[in-house]
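The values are calculated or read from the model by the stated rules, or taken from the named source; none is laboratory data. No experiment lies behind these values; they were computed from the predicted model shown. Glycine gets a Cβ as well: all are built from the backbone with ideal geometry, and neighbour counts include every protein chain shown.
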Amino acid sequence: MKALISVYDKTGVVEFARGLVGLGYELVSTGGTYSELAKAKLSVQQVSDLTGFPEIMGGRVKTLHPKIHGGILARRENVGDRAELTKHGIDTIDLVAGNLYPFRETVRKAGVTLEDALENIDIGGPSFIRAAAKNFPHVVVVVEPADYSSVVERLRAGSLSMNDRQRLARKAFQHVALYDTAIAHYLSSAETSVFPQELTFGLEKLYETRYGENPHQKGALYAPVTGAWGMTAARQLQGQEMSFNNWVDASAAWAAVQEFKEPAVAVIKHTNPCGLAIHQDIAEAYRRAYQGDPVSAYGGIVSFNRTVTEEAAKALSPIFYEVVIAPDFQAEALAVLKRKRNLRVLAVPDVQRLPGTRLDVRQVVGGLLVQTPDELEENPAAWKVVTERHPTPQQLEDMAFAWKVCKHVKSNAIVIARDNRLLGMGAGQPNRVTSVRLAAQAAGEHAQGAVLASDAMFPFADNVEAAAAAGVSAVVQPGGSIRDEEVIAAADKLGLAMVFTGVRHFRH
């Protein structure tokens, strides 16, 4: 019996090879793996000695040879295959262990060149791994070091079943598929279409959650093979294990504060911001965000786009929150937060996405919808004033803030804001006027003189009437309704300022 071992990640490979030798396998290997095994005093044959052909082109061609692939692919029960093995002096290879050049690790490095990237694309490895996986009824294929000990144990016990072999083959094909996906994504910068005809998403499991959205469901968190960023790059510094719903809400909270260049804090409940504010003092930004809806804040998630200070940590400590997220935390802040042992604390670094990852993917029954993300630089100074009354500079500033917040509220989305803080919002309603009324109810008396933002056009004048009744003084909306003239006329009659952005921000 022969075993071909050629791995980049050499974790546990010596112990694995030693176990195979004990089972009667002859070892064949290449380059660095050969050196590692020989250094461990194991009897191992170089691939070039087996094939009778040297490694060439700086090691680019090693295992691409009939004596390797014939030995792997031969069907043991096929008379013709066995005859050809004999005719050409080819021995069967019964076990293959391989993993691939560090392409993903290479392209994540700052300043990596195209030449470096191409040199780290493995060719021989995927070829012999795929060959072994194709012939898994006769050849054992192992790509994960974590499987080494169990494979040896099962071979020793004579219990490596056909199901075990098939499971290992599936892992092998998936290993190569993820590798190819990472390469395709890296090369996508030359793609002329945003949506190519064929598109793959490669994901690696980080861990399984205790359950999914509900206790009877299962869940897991995956990171893209192109590199973790956002939530998948987060480090949990303390607290209970993150749940499936925690991750969903945490993602919404993180995205909301990324909208602002200024220091910002968001309080999120069920993916909607119930409080959001910007202020140069991050602790004051938190206090203003919390005041947006103290009732809904209970059990929510707080997200910062700046380092959490000791003052900010003390400000949020009296309230029960599930998760606190920030780029970083002062040591003094962590000391304060550690008093709440169950509070989950996440540090989310600013990690740049690689090419091919700037897509928004949503699942539908039977498939996926893919779109470019809702990322658009807007200039409030270019918005169109459509009413007789023009907004004041302060109102325009409040509109710009409210408009950014509106992007992160579920449609039909209404936001009431003033002085760079969210006062009330209405989300996810089947009609827009109900969202207006809910936002006004949440804002209460604070709606007097505030501005209102709507993520999409007002279809009827009743939305403006409800806003005015709440005390709103100015409105920002996309415009584009067939009843725009009626809506504008209502605003003029009620003395409101209104601007059209010409852009919609639905968030279904």
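Yes/no per residue for (1) more than 29 Å from residue 428 (Cβ to Cβ); (2) under 21 Å from the mean Cα position of the chain (by Cα):
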{"site": "272", "(1), (2)": "no, yes"}
{"site": "276", "(1), (2)": "no, no"}
{"site": "280", "(1), (2)": "yes, no"}
{"site": "302", "(1), (2)": "no, yes"}
{"site": "307", "(1), (2)": "yes, no"}
{"site": "320", "(1), (2)": "no, no"}
{"site": "339", "(1), (2)": "yes, no"}
{"site": "343", "(1), (2)": "no, no"}
{"site": "360", "(1), (2)": "no, yes"}
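Return yes or no: is residue 503 at pLDDT below 95 and within 33 Å of the chain's Cα centre (by Cα)? Reasoning before the result, please.
Details: at pLDDT below 95: yes; within 33 Å of the chain's Cα centre (by Cα): yes.
Considered against the rule, which asks whether it is at pLDDT below 95 and within 33 Å of the chain's Cα centre (by Cα), residue 503 comes out as yes.
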Would you point out the residue of the stretch 377-419, among those that are touching a Pro at 6+ places or on another chain (Cβ under 7 Å) and part of a helix (DSSP H, G or I), that is farthest from residue 501 (Cα to Cα)?
-> 405
Consider only pairs whose beta carbons are under 7 Å apart and that are at least six residues apart or on different chains; among these, list those whose first residue lies in the stretch 188-206 and is touching a residue at least 40 places away in the same chain (Cβ under 8 Å) and whose second residue is among the small types (Gly, Ala, Ser).
-> 188/356
Log entry, pairs with first residue in the stretch 226-240 being basic (Lys, Arg), second being surrounded by fewer than 18 Cβ atoms within 10 Å (Cβ to Cβ) and modelled with pLDDT of 85 or more, beta carbons closer than 9 Å, six or more apart or on different chains, reads 235/349
The residue from 182, 223, 252, 228 that alone is assigned by TED's automatic domain parsing to the domain that holds residue 274, under 16 Å from the mean Cα position of the chain (by Cα), of a type outside the set (Lys, Arg) and buried (at least 16 other Cβ atoms within 10 Å of the Cβ) is 252
Across the stretch 417-474, the tally of residues that are closer than 13 Å to residue 402 by Cβ and in contact with a Phe, Trp or Tyr (Cβ under 7 Å, 6 or more places away or on another chain) stands at 4
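Quick grid of which residues meet (1) in contact with a Leu (Cβ under 7 Å, 6 or more places away or on another chain); (2) exposed (fewer than 13 other Cβ atoms within 10 Å of the Cβ):
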{"position": "337", "(1), (2)": "yes, no"}
{"position": "350", "(1), (2)": "no, yes"}
{"position": "381", "(1), (2)": "no, yes"}
{"position": "398", "(1), (2)": "no, no"}
{"position": "404", "(1), (2)": "no, no"}
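It is to be established whether one or more residues within the stretch 61-76 are in a strand (DSSP E or B), in contact with a strand residue (DSSP E or B) (Cβ under 9 Å, 6 or more places away or on another chain) and buried (at least 18 other Cβ atoms within 10 Å of the Cβ).
No.
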Quick check, is residue 400 under 27 Å from residue 374 (Cα atoms) and at pLDDT below 95?
-> no
From the options 19, 32, 80, residue that is within 17 Å of residue 138 (Cα to Cα) and not in a loop (DSSP other than H, G, I, E, B) = 80
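If a residue must be among the β-branched types (Val, Ile, Thr) and either assigned to a helix (DSSP H, G or I) or more than 25 Å from residue 1 (Cα to Cα) (or both), how many such residues does the stretch 124-140 contain? Explain how you work it out, then say what you get.
Step one: filter the stretch 124-140 for residues among the β-branched types (Val, Ile, Thr), giving 129, 139-140.
Those still in the list that are either assigned to a helix (DSSP H, G or I) or more than 25 Å from residue 1 (Cα to Cα) (or both) too: 129.
The qualifying residues number 1.
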Could we say that residue 408 is of a type outside the set (A, V, I, L, M) and either surrounded by fewer than 19 Cβ atoms within 10 Å (Cβ to Cβ) or more than 28 Å from residue 296 (Cβ to Cβ) (or both) here?
-> no
Does residue 91 satisfy the criteria of being farther than 30 Å from residue 151 by Cα, touching a helix residue (DSSP H, G or I) at 6+ places or on another chain (Cβ under 7 Å) and surrounded by fewer than 21 Cβ atoms within 10 Å (Cβ to Cβ)?
-> no
Taking residue 196 as meeting all but one of (1) farther than 24 Å from residue 109 by Cβ; (2) modelled with pLDDT of 95 or more; (3) not small (Gly, Ala, Ser), write down the number of the exception.
-> (2)
Among residues of the stretch 210-237 being among the aromatic types (Phe, Trp, Tyr) and assigned to a loop (DSSP other than H, G, I, E, B), the residue nearest to residue 251 (Cα to Cα) is 229
What are the residue pairs meeting all of these: first residue in the stretch 10-32, first residue within 19 Å of residue 157 (Cα to Cα), second residue small (Gly, Ala, Ser) and assigned to a helix (DSSP H, G or I), Cβ atoms under 8 Å, and 6 or more apart or on different chains?
-> 15/149; 16/149; 19/149
